[in-house]
Amino acid sequence: MTIEQVMVIGAGQMGAGIAQVCAVAGYSVFLHDTNQESLDRGYQRIEGNLKKQVDKGRLTLEQMEGALNKLIPTCRLDVAGEVDLVIEAIIENMVVKKELFKELERVVKPSTILASNTSSLPITEIAAVTDNPERVIGMHFMNPVPVMKLVEIIRGLATSDEVFSQVEEVTKRLGKVAVEVNDFPGFVSNRILMPMINEAIFTVYEGVATPRAVDEVMMLGMNHPMGPLTLADFIGLDTCLSIMETLHDGFGDDKYRPCPLLRKYVSAGWLGKKSGRGFYQYD
Ligand code: CAA
Ligand code: NAD
């Protein structure tokens, strides 16, 4: 099977980025969200990013128009019946993701690949709610998607070799590098990154330093492009908390316990850049 038609579900920061790179690579893309407002925001984000690329001379006007013509925003889920590959990028919540995968299986073709961009949730468990777990796979893009080279490809227990190699092919066509990992909580990326972010939050919680000081130490001392608290705000504090909970539940070790300050911020609705406030304030 050749993959030509893709559907990205969830038009947030990751879904919009994934839809953008797929359209630029020449795939026809449906971008789906449950509400029109998120869909509009996602589409505007893509348009804005592509315009910047044109201004910088990285993309011609024709290439931008070509990509935008390939992109169809829609609140309908049943268009999944027309696609070869679904990439799910909705909120990091197992119950909601399972519901979606159950529903998708009712509408997609038998050959359609179902990929999840989850940051940490077990692919095997998501796959288990479907009748064909061999077609379910993890396709974990990094944020910001148009810039970051890596896609972590996660095999569920039942993922077929055929599905794996097709997803590897798509990743190459997107100009990204696929790295294969097995299905354990947080995979490789967030098993290593998120405890560092959580520790940075503990450092603030315990009064060792201000958020700005923590970030400066890591940027100037370790050459990180962003400090861990700026990065946490950029990822989304709700997503960071979900990932820490998955690590804590999955491994049971206290070293993965989410910092109470992270919980407090999320319960206040301080979700980082996307909500206007996190460790820093955004206009
Ligand atoms: N969307 C699209 N493009 C963006 C962008 C965004 N949100 N932010 C920056 N860019 C682009 C800029 O347009 C610019 O593009 P050109 O090279 O074409 O000019 C390029 O990125 C560099 O941007 P800037 O010069 O403005 O800024 P910078 O040099 O500080 O780089 C950054 C910005 C690439 C985001 C850099 O700060 C960085 O690498 N930060 C760390 C990102 C990171 O760690 N990501 C992984 C997060 S963890 C994850 O994704 C997994 C998970 O499950 C949570
Ligand atoms: P986000 O909050 O920016 O966007 C989520 C979008 O999903 C929203 O637009 C919401 O309306 C939509 N949505 C929620 N339930 C839905 C449903 N049932 N059907 C359709 N749309 C639905 O979140 P995000 O940062 O884009 O994260 C999305 C996924 O990508 C999560 O699984 C997250 O863990 C993963 N991820 C995030 C990052 C990151 O840095 N933020 C990096 C890699 C992977």
Checklist outcome for this item: Turns out the strands (runs of 3 or more DSSP E) fully within region 16-109 with at least 2 residues that are within 16 Å of ligand 2 (Cβ to nearest atom) and under 30 Å from residue 185 (Cβ atoms) are 28-32, 85-88
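Quick one: which of 141, 184 is among the aromatic types (Phe, Trp, Tyr) and either surrounded by fewer than 17 Cβ atoms within 10 Å (Cβ to Cβ) or free of Cβ contacts under 8 Å to residues at least 12 places away in the same chain (or both)?
184
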Next on the checklist: For the structure I just gave you, tell me whether residue 169 is in the same structural domain as residue 244 (by the TED database), of a type in the set (Asp, Glu), assigned to a helix (DSSP H, G or I) and more than 18 Å from the chain's Cα centre (by Cα).
Outcome noted: no
Checklist entry - Can you tell me which residue in region 30-67 is farthest from residue 89 (Cα to Cα), limited to those that are polar (S, T, N, Q) and within 13 Å of ligand 1 (Cβ to nearest atom)? => result 53
Item to check | region 95-114 residues that are on the phi < 0 side of the Ramachandran plot and among the small types (Gly, Ala, Ser), paired with ones that are modelled with pLDDT under 95 and part of a loop (DSSP other than H, G, I, E, B) (beta carbon under 7 Å, 6 or more apart) | outcome: 111/1
Checklist entry - Quick check: anything in region 191-207 touching a strand residue (DSSP E or B) at 6+ places or on another chain (Cβ under 9 Å), in a helix (DSSP H, G or I) and within 14 Å of ligand 2 (Cβ to nearest atom)? => result no
Checklist entry - Within region 1-15, restricting attention to residues that are in a strand (DSSP E or B) and within 17 Å of the chain's Cα centre (by Cα), which residue is surrounded by the most Cβ atoms within 10 Å (Cβ to Cβ)? => result 8
Checklist entry - Which one of these does residue 231 not meet: (1) aliphatic (A, V, I, L, M); (2) assigned to a helix (DSSP H, G or I); (3) more than 25 Å from the chain's Cα centre (by Cα)? => result (3)
Checklist entry - With (1) in contact with a strand residue (DSSP E or B) (Cβ under 7 Å, 6 or more places away or on another chain); (2) over 24 Å from residue 152 (Cα atoms); (3) small (Gly, Ala, Ser) as the list, and residue 115 as the residue in question, which single condition is left unmet? => result (2)
Item to check | Residues of region 134-148 satisfying the condition of being more than 8 Å from ligand 2 (Cβ to nearest atom), within 13 Å of the chain's Cα centre (by Cα) and in a strand (DSSP E or B) | outcome: 138, 139
Item to check | Candidates 45, 41 - the one that is at pLDDT 95 or above and under 16 Å from the mean Cα position of the chain (by Cα) | outcome: 45
Item to check | Number of the condition not met by residue 270 [criteria: (1) over 21 Å from residue 191 (Cβ atoms); (2) surrounded by fewer than 16 Cβ atoms within 10 Å (Cβ to Cβ)] | outcome: (2)
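The values are calculated or read from the model by the stated rules, or taken from the named source; none is laboratory data. All values derive from a computational prediction rather than experimental measurement. When we count neighbours, we look across all protein chains shown, and the Cβ atoms used for this are built from the backbone with ideal geometry, even at glycine.
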